[in-house]
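Asks: Encoded as structure tokens, here's the structure I'll be asking about.
The values are calculated or read from the model by the stated rules, or taken from the named source; none is laboratory data. If you're wondering where the values come from, they're calculated on a predicted model, not measured in any experiment. For neighbour counting, all protein chains shown are included, and Cβ atoms are generated from backbone atoms with ideal geometry for every residue, glycine included.
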Amino acid sequence: AQSVTQPDIHITVSEGASLELRCNYSYGATPYLFWYVQSPGQGLQLLLKYFSGDTLVQGIKGFEAEFKRSQSSFNLRKPSVHWSDAAEYFCAVGAGITGGGNKLTFGTGTQLKVEL
Amino acid sequence: EAGVTQSPTHLIKTRGQQATLRCSPISGHTSVYWYQQALGLGLQFLLWYDEGEERNRGNFPPRFSGRQFPNYSSELNVNALELEDSALYLCASCGRAPNTGELFFGEGSRLTVL
């Protein structure tokens with residue numbers, strides 16, 4: 001069965017500092033990996049996704065993530081955090097676009113706080 | 001283009017009552033997914049509907065049920081409400097395979113059980 005671990009429940013960074021959110025997954029085949037962001041009282045917005053190819057993927061709002069198969073990781077990074085980035089971030093793994101739908105398994109999320 | 005829409009935004013019920021939540025997918029999307037987001041538990045997969053049929057179900061009791069209508073909108077019913085059913089219920093949609101792989105989420109319906 002697939003699973004996702006986000007080891008950091010809360011992270012606090014200063015505005016302008018760099019950010020890395022950790023994500024480890026467990027999946028038997030080639031994973032389809034996603035990062036979503038959820039602002040308070042809102043639904044989830046897709047930041048970026050990885051299916052295949054270049055292991056460094058770029059997303060919206062200046063975020064990027066790197067897929068490392070050997071470490072079963074898909075960490076999210078941003079070089080300089082803005083106060084508006086404060087939100088909850090979810091990593092997710094899916095079975096792919098052709099097999100059994102787009103059901104995603106999510107991690108428990110990392111709450112990001114940005115200090116001004 | 002309208003995104004995934006959910007109603008109601010907020011719903012307050014008491015224990016033992018029934019709740020009905022509704023979801024309209026993005027135009028052209030045929031699959032609807034329901035997730036429960038309870039405090040501190042992340043997103044838990046509830047149900048997947050595709051082309052009017054239930055395709056997959058998460059680890060939830062049978063009092064969680066739903067359906068998908070011919071226009072691909074969906075309804076989630078929760079019977080015999082319990083306090084622990086209080087959560088944000090998120091609906092998501094996607095198009096027919098092959099598609100872009102992600103789910104598109106609505107803003108959720110917050111259910112409070114008193």
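Asks: Among the residues of the range A:59-79, which ones are under 23 Å from A:GLN42 (Cβ atoms), surrounded by fewer than 19 Cβ atoms within 10 Å (Cβ to Cβ) and more than 14 Å from every other protein chain (Cβ to nearest Cβ)?
Replies: Residues satisfying the conditions are A:LYS61, A:GLY62, A:GLU64, A:ARG77.
Asks: Something else now. Out of the range B:61-78, which residues are touching a strand residue (DSSP E or B) at 6+ places or on another chain (Cβ under 9 Å) and either surrounded by 16 or more Cβ atoms within 10 Å (Cβ to Cβ) or under 21 Å from A:THR105 (Cα atoms) (or both)? First the steps, then the outcome.
Replies: Within the range B:61-78, the subset touching a strand residue (DSSP E or B) at 6+ places or on another chain (Cβ under 9 Å) is B:63-69, B:71-78.
Result: B:PHE64, B:SER65, B:GLY66, B:GLN68, B:TYR72, B:SER73, B:SER74, B:GLU75, B:LEU76, B:VAL78.
Asks: Right, another one. Any residue in the range B:87-97 that is in a loop (DSSP other than H, G, I, E, B), within 11 Å of chain A (Cβ to nearest Cβ) and of a type outside the set (Gly, Ala, Ser)? So that I can check it myself, show each step before the final result.
Replies: Step one: filter the range B:87-97 for residues in a loop (DSSP other than H, G, I, E, B), giving B:95-97.
Now narrow it down to the ones that are within 11 Å of chain A (Cβ to nearest Cβ): B:95-97.
Checking the rest, the ones that are also of a type outside the set (Gly, Ala, Ser) come to B:96.
Yes, because at least one residue in the range B:87-97 is in a loop (DSSP other than H, G, I, E, B), within 11 Å of chain A (Cβ to nearest Cβ) and of a type outside the set (Gly, Ala, Ser).
Asks: In addition: Across the range A:6-53, which residue is surrounded by the fewest Cβ atoms within 10 Å (Cβ to Cβ) among those that are within 11 Å of another protein chain (Cβ to nearest Cβ) and among the polar types (S, T, N, Q)?
Replies: A:SER52
Asks: Moving on. Check whether at least one residue in the range B:5-12 is at pLDDT 95 or above and at the interface with chain A (Cβ under 9 Å from one of its Cβ atoms), and report yes or no. Don't jump to the end; show me each part of the working.
Replies: To start, the set of residues in the range B:5-12 that are at pLDDT 95 or above comprises B:5-12.
Then drop every residue that is not at the interface with chain A (Cβ under 9 Å from one of its Cβ atoms), which leaves B:6.
Yes, some residue in the range B:5-12 is at pLDDT 95 or above and at the interface with chain A (Cβ under 9 Å from one of its Cβ atoms).
Asks: Right, next: What tally of residues in the range A:80-113 results from selecting those that are in contact with a helix residue (DSSP H, G or I) (Cβ under 8 Å, 6 or more places away or on another chain) and either part of a strand (DSSP E or B) or within 14 Å of chain B (Cβ to nearest Cβ) (or both)?
Replies: Adding up the residues that qualify gives 1.
Asks: Checking the condition at pLDDT 90 or above and over 15 Å from A:THR110 (Cβ atoms), which residue from A:THR55, A:THR5 passes?
Replies: Checking each option against the conditions leaves just A:THR55.
Asks: While we're here: Six or more apart or on different chains, Cβ under 7 Å: which pairs go from a residue in the range A:63-79 that's outside any strand (DSSP E or B) to one that's of a type in the set (Ser, Thr, Tyr)? Could you list them?
Replies: Cβ pairs passing all conditions: A:SER72/A:TYR25; A:SER72/A:SER26; A:PRO79/A:SER18.
Asks: Restricting to the range B:40-58, give me the number of residues that are within 11 Å of another protein chain (Cβ to nearest Cβ) and at negative phi.
Replies: 13
Asks: Separate question: Which one is farthest from A:GLY109 (Cα to Cα) among residues in the range B:41-60 that are of a type outside the set (D, E, K, R) and crowded, with 18+ Cβ neighbours inside 10 Å? First the steps, then the outcome.
Replies: The initial filter retains those residues of the range B:41-60 that are of a type outside the set (D, E, K, R), namely B:41-49, B:52, B:56, B:58-60.
Narrowing further to those that are crowded, with 18+ Cβ neighbours inside 10 Å: B:42-43, B:45-49.
Working: B:GLY42: 6, B:LEU43: 9, B:PHE45: 15, B:LEU46: 18, B:LEU47: 21, B:TRP48: 22, B:TYR49: 25 Å.
Among those residues, the one meeting the criterion is B:TYR49.
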